[in-house]
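Structure record follows, encoded as structure tokens.
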Ligand code: HPA
């Protein structure tokens, strides 16, 4: 594949603009729909919606994961009819794409004028505060791949998008997090079902080991997933404000598991000690569970995103 240059992004946005009605030549908001959360595009006005399959857009590669349709959808979101571009299905690093390929659409969206990006994902819960089905507004992240060299900004800096060394200390804009909570409470999401937290990105595709899960929880991660961070870094590099939302689809197993030595000693009558981990055997994360929980909660998330968009439209009108 030819190297991605500024011209590759431009060719992609030029193609989209050439096919789109004028209404969508500039879009204000981008939304990346995570696993099983693409239903959001079914709630937008069908009469003005325009869809492109990734495979038809120059520069986009075809996405492979079940539950990820792989299309870019333009439409009017909410009562504010905010011109929005949705990625239904994203690119993951574990699919074998480079970080630049994974984040390609974000820069195309940047060229099309987005000022705000909502990133959603399915994630495993690491904090005992979380339960399956909870929503987590992301307030910070760990990039496990990024910390060891897989940061999407490694390599040539595209100066037209942003600076060589962008700050990401406040990657998830505080004002947007507040608006998200306001939207959530207005649409009836219970306070105990939504909280803030730190998202850790791992490359996947294998889920975490118990030891890795304990490590992530110890360093301060509340949820873990295989996406989001590269897109957020590229968005922040381009000055786009970000709201990140995780849906906790499963509980990550952190317990050490049974003690083999102790069990043998018990069987041989040499120990009466009780194994503290005996009752902590649990089923592990699996993709079916992730999709099932997303489907169950996708309605709430859709209503939250729609209301958030209207609140954002109101707040930006005032300023
Ligand atoms: N680990 C990593 N990624 C995930 C998980 C998980 O438990 N659940 C959903 N995505």
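Please treat every number below as a calculation from the coordinates, not as lab data. Given the structure is predicted, the values throughout are model-derived calculations rather than measurements. Because the Cβ atoms are built from the backbone with ideal geometry, glycine has one as well, and the counts that use them run over all protein chains shown.
Odds and ends about this structure:
- Diffusion coefficient of the chain by Stokes-Einstein, Kirkwood radius over Cα pairs, 4 °C, 1.567 mPa s: 63 µm²/s.
- With the convex hull drawn over the C-alpha atoms of segment 86-141, the volume per residue is 121 Å³.
- Debye intensity ratio in log₁₀ form over the Cα atoms of segment 112-218, taken at each q of 0.11, 0.16, 0.22 Å⁻¹: -0.46, -0.93, -1.36
- For segment 194-251, the Cα gyration tensor yields ellipsoid semi-axes of 22, 13, 10 Å (square root of five times each eigenvalue, largest first, whole Å).
- For the pair residue 266 and residue 218, the difference between a 0.36 nm per residue extended length and the Cα-Cα distance amounts to 14.1 nm.
- For residue 255 and residue 299, a Förster radius of 22 Å and the Cβ-Cβ distance give a FRET efficiency of 0.10, rounded to the nearest 0.05.
- The relative contact order of the chain, computed from alpha carbon pairs under 8 Å that lie at least 6 residues apart in sequence, is 23 percent.
- At 0.890 mPa s and 25 °C, Stokes D of segment 165-319 from Kirkwood alpha-carbon radius, µm² per second: 132
- Between helix 6-19 and the chain there is an angle of about 70 degrees, using the helix long axis and the longest principal axis of the Cα atoms.
- Percent RCO, i.e. relative contact order, over segment 46-185, from Cα pairs under 8 Å lying at least 6 residues apart: 15
- Euclidean distance between Cα centres, segment 211-256 to segment 34-55, Å: 25
- Cα coordinate range in segment 22-113, projected on the principal axes (Å, largest first): 38, 26, 19
- Rounded D (µm²/s) - segment 46-169, Kirkwood Rh over Cα pairs, Stokes-Einstein at 20 °C, 1.002 mPa s: 127
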